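The values are calculated or read from the model by the stated rules, or taken from the named source; none is laboratory data. On a predicted model such as this, the values are computed, not experimentally measured, just so you know. Heads up, the Cβs are rebuilt from the backbone with ideal geometry, glycines too, and the neighbour counts pull from every protein chain shown.
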Amino acid sequence: MAKYRFVIDVEKCTGCHSCFLACKDEYIGNDYLPTAAAQPEKGHTWIKLNETEQGQGTKIKVDYIPVMCQQCADTPCAVAAPAGAVYKRADGIVIIDPEKAKGCKAIVNSCPYRAVYWNDEKNLPQKCTMCAHMLDNGEKTTRCAEACPTGALVFGDTEDKNSAISRILAEKAGRVEVFKPELAVEATTKYINLPKPFIAGEVLLADRPGECLKGAKVTLTAKEDDTFLLEVQTDVFGDFEFKNLESNKNYIIKAEYEGYYFTELTVRTYASQNLGEIVLNPR
């Protein structure tokens, strides 16, 4: 039996909203019973893009995180529903029954990801169905994944070890996460490259003002145990960056260049940090 899943690579998402538009095109005005009633024209975002901004000044990063029903294994929405109103299929897709769930607003509030919406006209809670009607008709993907131009949305059968989604999960196993793990639900939708704090800055030489310094060495060390972590060199603009750091952790940044005194800074990643200009003085 197939087990359908999404894997979302946030780094590849450009925020183009093609997935959002494809979902609207598929479901607005179209019933796909018994798995989905038509989506209303307004008020529903079965797949939404959460925009996140990190950094300060000239060092800013913007990421887009596609969020839809996370197809939770423990189905918290089913706990709030009448018997049979929410069920998990053998292929892993969680369905809100368009008939049995009528009038049950509690299903909307039960979703920790706020991915269930209320249809006033139909008196019905609704959400992403992983395009179950398409899969049941023999298609191999969903409308949102089909429309994604960058490959950020990958859909497939994880029971098929040769599928694209299985290969990605195997190749990037150490980087696979769930969205908002603090919610403590068993989400089966997985993410790669979720936004994490970064430390960036620019290295300059005191006796060469206005000149970009390429090739300065910058190292990153964990302050708590003095563990060396990473070393980079400044680029042609004199810039450096350390990505994918742990939140709320103290790091030591050391900048050095031959013939100049080094500079050390202690930085805490309560958020992404732009250190601005780090100026080295000649010996």
Next item on the list: Could you give me the residue pairs with C-beta distances under 7 Å whose first residue belongs to the range 49-65 and is free of Cβ contacts under 8 Å to residues at least 40 places away in the same chain, whose second residue is not in a strand (DSSP E or B) wherever it lies, and which are 6+ apart or on separate chains?
Entry: 49/15; 49/17; 49/20; 51/15
Note to self: Among the residues of the range 110-131, are any touching a Pro at 6+ places or on another chain (Cβ under 6 Å), part of a helix (DSSP H, G or I) and either polar (S, T, N, Q) or not assigned by TED's automatic domain parsing to the domain that holds residue 29 (or both)?
What the structure shows: yes
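For the range 213-227, give me each residue that is exposed (fewer than 15 other Cβ atoms within 10 Å of the Cβ) and under 15 Å from residue 255 (Cβ atoms).
The first filter runs over the range 213-227 and keeps only residues exposed (fewer than 15 other Cβ atoms within 10 Å of the Cβ), leaving 214-215, 223-227.
Residues satisfying the conditions are 214, 215.
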Check: In the range 233-246, which residues are part of a strand (DSSP E or B) and in contact with a Leu (Cβ under 8 Å, 6 or more places away or on another chain)?
Finding: 242
Check: Is at least one residue of the range 224-233 modelled with pLDDT of 95 or more, of a type in the set (Asp, Glu) and over 26 Å from the mean Cα position of the chain (by Cα)?
Finding: yes
Notebook entry, point to check: Which fully enclosed strands (runs of 3 or more DSSP E) of the range 1-97 have 2 or more residues being among the charged types (D, E, K, R) and surrounded by fewer than 20 Cβ atoms within 10 Å (Cβ to Cβ)?
Noted result: 47-56, 59-68
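Just one of 156, 103 is surrounded by fewer than 21 Cβ atoms within 10 Å (Cβ to Cβ), at pLDDT 95 or above and of a type outside the set (Lys, Arg); which is it?
Numbers: 156 fails: surrounded by fewer than 21 Cβ atoms within 10 Å (Cβ to Cβ).
Residue meeting the stated conditions: 103.
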Note to self: Against the definition (in a loop (DSSP other than H, G, I, E, B) and under 20 Å from residue 276 (Cβ atoms)), how does residue 210 come out, yes or no?
What the structure shows: yes
Item checked: Subset of the range 91-118 (residues that are without any contact (Cβ under 8 Å) to a residue 60 or more places away in the chain, within 26 Å of residue 2 (Cα to Cα) and among the hydroxyl-bearing types (Ser, Thr, Tyr)) -> none
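Just one of 59, 88, 3, 12 is over 24 Å from residue 156 (Cα atoms) and either out of contact with any Leu (no Cβ under 7 Å at 6 or more places or on another chain) or assigned by TED's automatic domain parsing to the domain that holds residue 186 (or both); which is it? If you could, list the steps in order and put the result at the bottom.
Values: 88 fails: over 24 Å from residue 156 (Cα atoms); 3 fails: over 24 Å from residue 156 (Cα atoms); 12 fails: over 24 Å from residue 156 (Cα atoms).
Matching residue, one of 59, 88, 3, 12: 59.
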Next item on the list: Would you please list the contacts, defined by Cβ atoms under 6 Å and residues six or more apart or on different chains, that run from a residue in the range 77-90 that is under 14 Å from residue 129 (Cβ atoms) to a residue that is assigned to a helix (DSSP H, G or I) and not basic (Lys, Arg)?
Entry: 77/107; 77/110; 86/77; 86/78
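Does the range 247-278 hold any residues that are of a type in the set (Phe, Trp, Tyr) and either in the same structural domain as residue 60 (by TED's automatic domain parsing) or part of a strand (DSSP E or B) (or both), and which are they? So that I can check it myself, show each step before the final result.
The initial filter retains those residues of the range 247-278 that are of a type in the set (Phe, Trp, Tyr), namely 251, 257, 260-262, 270.
Hits for the range 247-278 are 251, 260.
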Check: Looking at the range 106-122, which of the residues that are more than 23 Å from the chain's Cα centre (by Cα) and hydrophobic (A, V, I, L, M, F, W, C) is surrounded by the most Cβ atoms within 10 Å (Cβ to Cβ)?
Finding: 107
